Structure formats: C-alpha cells, structure tokens
Amino acid sequence: MKTFEGHLLTGSGRYAIVVSRFNDLVTRRLLDGALDTIRRHGGTTDQVDVAWVPGSFELPLAAGRLARSGRYVAVICLGAVIQGETTHHEYINHQVAAGLQQLALDTGIPVTFGVLTCGSLDQALERAGGKAGNKGCEATLAAIEMVSLLPQLGN
C-alpha cells in the first residue's frame, strides 16, 4: 500500500493571502495567525503577499486572479461573516465557499477557506485567536500541507 502525506514545512514558494476588510477586528487576528503559522513552519513573511478586499463576497474574485497568476503555490482566504437580523449571511457563506472550492478545482492550486461563519461577534473572536483557536492558522496549515501533497499525487 502506498500512502501519500503532505508535510508542514513552508518551502520556498510564495503564498497569497486574501483578507476581507469587513469585520476587520476579527480578520486582522486571522491574518496575524496566518502569518505566524508561515513563520512557525519554516517560512518568512517575505514569501507572502496580502490582498485586502471589501468583504467576504469579494474573496473568490481576488483569489482567482492570484491563483491564475502563476506566482503562488497557494491562496489563503480569510474573512468573517457574522449573522445579523436577516438571512443575508447564508447567501454570502454558500457563495463564497462554493466559489473558492471551484477555484481550487479549476486551477489545481490550493485555495483554503479561512472564513468564519458565526452567529455573533463573540463567537468570531473566539475562533480568531480565542479559546477556539485561530482559523487563520488552520487555513494556512491546510495550504502548506496541500502544497507538499499535490506534487506527490502527480497530474
């Protein structure tokens, strides 16, 4: 039996991080976690380019431009969609997740989903460096691992 596994060393490739400016109290913490993860896994912030977009809905478009540029080994997407008094958040969450997944499938570049979908600001803060960890770190770890796994799988 042959087993394929990625490793958690950043390597020499460049990473793009796309961050939603909306709810930046949360998303800046996600970005801090992502950058810290790059450093803790052998990389430097010189290997990272950060693109800020107005909101989570704009993440797929910017991520697509970056993924198709050929400059990056992965694109990490960070945002925070917090439930309000309407169902608006549901439409945003579904479309962003579907857009990012399709982008990864179309480009063959890891595009990771570090978008919080929470019921309150308190829940979002817990997932952006509080008791529930930092989802920016998790999305970055997934990107690092996939970057090393995909070449093992071939075309």
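We did not get these values from a lab; they are worked out from the coordinates using the rules stated. Computed from a predicted model, the values in this text were never measured in an experiment. Neighbour counts are summed over all protein chains in view; Cβ atoms, including those assigned to glycine, are modelled from backbone coordinates with ideal geometry.
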Assigned charges on the beta-carbon of Lys, Arg, Asp, Glu; the range 46-140 dipole about Cα centre (debye): 220
R0 of 35 Å, Cβ-Cβ distance Asp46-Glu5: FRET efficiency to nearest 0.05: 0.80
From the coordinates shown, percent of Cα pairs over 20 Å apart corresponds to which of [x] 45; [y] 50; [z] 58: [x]
Gly133 long-range amide H proximity, modeled H, under 5 Å: none
Fewest-first ranking of Phe4, Phe57, using other Cβ atoms within 10 Å as the exposure measure: Phe4, Phe57
Extent along principal axes [Cα atoms of the range 105-155; Å; largest to smallest]: 43, 20, 9
Within-10-Å neighbourhood charge of Ala16 [Cβ basis; K, R +1; D, E -1]: +2
Ellipsoid semi-axes in whole angstrom, largest first, where each is sqrt(5λ) of the Cα gyration tensor of the range 16-66: 20, 14, 6
Dipole-positive endmost among Gly11, Val81, Leu66 within the chain (Cβ charges, Cα centre): Gly11
For the range 93-109, Karplus couplings with θ = phi - 60° (6.51, -1.76, 1.60), whole Hz, Gly/Pro x: 4, 5, 5, 5, 4, 5, x, 5, 5, 5, 4, 4, 5, 6, 9, x, 9
For Asp49, net neighbour charge (Lys/Arg +1, Asp/Glu -1) across residues whose Cβ lies under 11 Å away: +1
Helix 59-68 axis, angle to the chain major axis (alpha carbon atoms, nearest 10°): 20
³J(HN,Hα) computed for each position of the range 32-49 - Karplus, 6.51 cos²θ - 1.76 cosθ + 1.60, integer Hz, glycine/proline x: 4, x, 5, 5, 4, 5, 4, 5, 5, 10, x, x, 10, 5, 5, 8, 10, 10
Normalised contact order of the chain, rounded percent, pairs of Cα under 8 Å and 6 or more residues apart: 32
